[in-house]
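Written below as structure tokens is the structure these notes are about.
Read-outs throughout are calculated quantities, based only on the coordinates presented, and are distinct from any laboratory measurement. None of the values given here were measured: they were computed from a predicted structure. Positions of Cβ are generated from backbone atoms using ideal geometry, with glycine treated the same way; all protein chains shown enter the neighbour counts.
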Amino acid sequence: MAKMSPRTSPEPGQREPAPGELGLVQAFVNTADIESDLDEFSDADSLRGWLLDHDLIEPRLPVSDADLRLVIQAREALRALAMANHHGESDAAAVQALNRVADSARVVVRFREGGGARLEPQLSGVDGALGRILGIVCTSMVEGTWQRLKACRRESCRWLYYDRSKNRSSSWCAMAVCGNREKAKAYRRRHSG
């Protein structure tokens with residue numbers, strides 16, 4: 001994928017981003033625009049900049065090419081996990097990849113004064129950043145918000161969006177774009193030959 005600038009336009013279909021910290025997970029996965037073949041993480045420096053911009057690493061910490069490969073693997077595993085929010089079947093390889101990331105970040109439960117708890121990584125750097133993201137995913141699963149974070153069903157898109165529909169039945173990041181394209185494709189299939 002080619003390098004891209006951070007997306008400054010609103011979400012497709014004028015959707016609101018995911019609520020709270022889950023918006024960070026959505027932004028993380030959407031650093032790769034599959035349809036345009038653009039990736040904000042084109043090299044270790046661009047990854048480091050994104051992590052710094054989102055307060056996920058300390059300024060003094062380096063980011064390596066190995067870190068970049070790990071982050072991209074985790075990002076795509078999260079995309080696959082969000083895709084399962086349409087049909088409930090998780091990708092086994094994605095689950096294994098995320099478990100390895102959680103293990104390497106040493107994610108643990110931390111209780112807070114005044115009540116509440118959260119999952120936090122014991123490490124810093126890229127492992128810690130990924131652990132923080134996975135902690136948000138786990139918390140959102142418990143809260144019931146994760147199931148609304150979906151990957152667009154259009155194969156060439158897969159953009160993550162937050163499904164705010166009452167019956168949680170949204171399939172595309174934007175009906176006016178991906179939904180119409182998929183419906184037109186299905187129509188042509190039915191009426192060809």
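Among the cysteines of the chain, those whose beta-carbon sits 4.7 Å or more from every other cysteine beta-carbon are CYS138, CYS178. Against the main long axis of the alpha-carbon atoms of the chain, helix 44-53 sits at an angle near 80°. When you filter the trypsin sites (Lys or Arg not before Pro) in the stretch 99-165 for DSSP loop state and at most 11 other Cβ atoms inside 10 Å of their Cβ, you are left with ARG112. Equivalent ellipsoid of the stretch 104-172: semi-axes from √(5λ) of the C-alpha gyration tensor, largest first, are 29, 17, 6 Å.
Rg over Rh for the stretch 11-86 works out to 0.97, both radii taken from alpha-carbon positions and Rh defined as the Kirkwood radius. Using the alpha carbons alone, the radius of gyration of the stretch 43-145 stands to its Kirkwood radius in an Rg to Rh ratio of 0.99.
Once Rh is set to the Kirkwood radius over Cα pairs, what Stokes-Einstein translational diffusion coefficient, in µm²/s, holds for the stretch 126-165 at a temperature of 37 °C and a viscosity of 0.692 mPa s? Can you show the working numbers first?
Details: Rh = 11.3 Å.
Once the numbers are plugged in, D ends up at 289 µm²/s.
Computed over the stretch 58-111, the Cα gyration tensor eigenvalues convert (square root of 5λ each) into semi-axes of 24, 15, 10 Å, ordered from largest to smallest.
The length gained by stretching the chain between ASP65 and ASN99 to full extension, at 0.36 nm per residue less their Cα-Cα distance, is 10.1 nm.
The distance between label points at PHE111 and SER192 comes to 6.1 nm (points 7 Å beyond Cα on the Cα→Cβ vector). Against the chain, whose longest principal axis comes from its Cα atoms, helix 180-191 is set at around 40 degrees. Translational diffusion of the chain was estimated from the Stokes-Einstein equation, with Rh taken as the Kirkwood radius over Cα pairs; at 25 °C and 0.890 mPa s the coefficient is 140 µm²/s.
Site-free segments of the chain were taken between GluC sites (Glu not before Pro) in DSSP loops having at most 13 other Cβ atoms within 10 Å, sites themselves excluded; the longest one is 1-88.
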